[in-house]
Each structure stands twice: as C-alpha cells, then as structure tokens.
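Here, each number is a calculation from the coordinates, and none is a lab measurement. Note that this is a predicted model, so its numbers are computed, not measured. Note that each Cβ is placed from the backbone with ideal geometry, even for glycine, and that neighbours are counted across all protein chains shown.
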Amino acid sequence: MPLSFDERPPPALSYLFTVLLMCAWLVVAALPAHARGLKEIRVGYQKSSALITLLRTQGTLAKALAAEGYRVQWSEFTSGLPLTEALNVGAIDVTGDMADTVPVFAQAAGTRFVYFAQEAPSPHGQAIVVPSGSPIVTLAQLKGRRVAVARASGAHYLLLRALASAGLTPRDIQVDYLQPADARAALASGSIDAWSVWEPYISAVEAQSGAHVLADGSHGLASYQRYYLASSTFAAADPQALRTIYEALREAGIWAKAHPQEAARLLAPLWGLDEATVASALSHRSLLVRAVTRKRLAEQQRIADVFYAQGLLPTAVDTARAGIWSVPR
C-alpha cells in the first residue's frame, strides 16, 4: 500500500538515513579543497597581525571567501622576513600586515610581490623605551649606550632616524640585534640601556616593568605604515578574491576601532597578554586599511635609502618599481 502524505517511514529507517547523510557530509568536508571544487588561498601571518587574526578567529574571511568558491589555508610565521621568503618561493599567496621596512628588504632580495593594502600611519605604534629609573631622558644621552633592536624591523628604521635627529649615528651607540623575547629579558636584567620595538611589546613592558617611552615615531621620525602583500601571480589570477580580502581587512579595522575592548578580549589569549595591555597596544595602531598609491609609498624610498646608506641593504632599491594592486571597480 503506498504511503499517504500523513504517513512517515519507521523511526529506525529515518534515523539510519540521517546517520548516512551526516557521514556523507563528513566525507565531503574532509576532502582536500581541490577535490571539493574549492580553490585554495594560502594566507601567511604573524601573531601580531591584529586584523588578520581577528578575521581568522571570527571566521569572517573564511566565510566570505567560501561563498566565492575559495578555501583559506592559514600559516603562522615568526616575523615579517620569513613571510616574504614564503611569498617568494610560492608557499603562500597573501600576507598579513608587516612593518614598512620588510617589503623594502624583500624587494632587495628579488621577491615578486604587489602591495595590495596599507594601514594608515601609526607613529605611536613603535618606540624606543628605557627601563624604570633610567637616567636617559633625551635621545642624545643614548651616546655610548647599548640599544637593542630587531634587525630590518620598522623599529630599526625608527632607531636610525631618532639617532640622526639627535646628531648621532649607529657608530655612536652599541647596537645589539635581538628578537623581542631576548631584548625584553636583556632590558629587565639591565644588560641593555634601551630597546627600540613595536606594539604590543611597548604596552607590555610599560605595564609589567614600569619602562617608559623615550621617543616614538611622531614629529616626522617614522610614520610606521604597515603593509599587506600578495604574490604577483595570485594578484593577476584572482583579483576578485584579493578584493574580498581587502574589503574584509578594511571592515575589520573599522570594527576593531569601534569595539576596542571586544577586539582586545579576542586577541589577549592569542597574544598571551591581558586585555588592558592589548587594548593599549591597539590604541596606538590606526588599523585604518586603505588602498596603496604611489604617493602613499613615498616613505618606502626614504627607508630604502637610509638602510642602504648604513650598509644594511645589499643593493640600492627603487621602491617605485614595486607593483601596486588596484582595487577592482
């Protein structure tokens, strides 16, 4: 007898059908992106990449790209230079934000990339800090002192500019090239006299040890614009996907500025810091994502020239030769 519209299959049969359907879905979900017809976009980022980290944590970017047929593969890197090296060898397609100095060194190394987004200046986002009770109160008093900095970082450029503003050169101080973890320990132990560094380390060392800022990038020293890069190949092949990433970053920046405490709550456990410290760090970043133009790249040439003059770049760099991706209209 055929089923009427009011009749249902036996409960056991209905349950079995549901289980089989769920298993089929799990098998499909476990397939590689290409097997499911999705193109893969490989995104590299640093732990300090605030906006990319927010997008990953909230699932916003993955959802937006999935709607366009893409799957995101995330890879975390220790710093900006390894990010550009991965871009150069084709291991990633897009990077999270990095200090303005990093693309200059990447260009000197022959990396093929395009600038696809820029964060507006954040001159308070990097600074030279001295420990609590330090007798150093002016930049001129750094003469003969030991100063730590990460080589080729944005804070390195700030240090060079700050020294020049006080009539000093790197030869007038003792430069220790240290990564943040080692520099922080050195400052606490008293083995260095100052540390040129970026957020969130500035806010963290201020809150935890009473260190204070001697100078930051304000007054024209270093505007500190952070950049997002894409491989030239990816930018040419997938302009719409890159636009989606750009728009997601821009919206994330607007959201983070409007909801600083919520952004700090999400980032704090990932950065291993308390929410107040993260909120302070974010307040020193513009988080204003915007399109890159030749005019807005002007400081990149000054950065290249300063590092080359100090013998820190292997070759002179013409930053005007770097590619710029334009947002499709």
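In straight-distance terms, cross-link reach from Lys257 covers every one of the lysines whose alpha-carbon lies under 21 Å from its own, apart from those fewer than eight places away in the same chain; here that gives Lys47. Here region 298-318 and region 207-265 have alpha carbon centers that stand 23 Å from each other.
Rounded to the nearest 20 debye, the dipole magnitude of the chain is 620 debye, with +1 charges on Lys and Arg beta carbons, -1 on Asp and Glu beta carbons, and the Cα centre as origin. Dividing the Cα radius of gyration of region 200-291 by 2.2 N^0.38 Å, with N the residue count, gives 1.32.
Cα centroid separation, region 141-171 to region 99-123: 21 Å.
Along each principal axis, taking the top coordinate minus the bottom one, the Cα set of region 63-129 gives 45, 27, 21 Å in descending order.
For the chain, complete DSSP H runs whose alpha carbons reach 24 Å or more along their own long axis and whose mean Kyte-Doolittle score is -0.5 or higher are 11-30, 239-258.
Quick check of the Kirkwood formula: for region 242-281, what is the inverse mean of 1/r over all pairs of different Cα atoms, in Å? Answer for region 242-281: a Kirkwood hydrodynamic radius of 10.7 Å. For region 252-329, the fraction of C-alpha pairs farther apart than 19 angstrom is 58 percent.
For Val72, the residues whose amide H sits under 5 Å from its own are Ile41, ignoring neighbours fewer than 5 places away on the same chain, with H placed 1.01 Å from N.
Computed over all pairs of different Cα atoms, the Kirkwood value for the hydrodynamic radius of region 123-216 is 12.7 Å.
For the chain, DSSP calls about 45 percent of its internal beta bridges antiparallel. Answer with a single label: of (1) 23.9, 99; (2) 21.8, 70; (3) 30.3, 101, which was calculated as Rg and Dmax of the Cα atoms in Å from the structure in view? Correct label is (1).
Paramagnetic label reach from Val213 (point 7 Å along Cα→Cβ; backbone nitrogen cut-off under 11 Å): within region 293-329, no residues.
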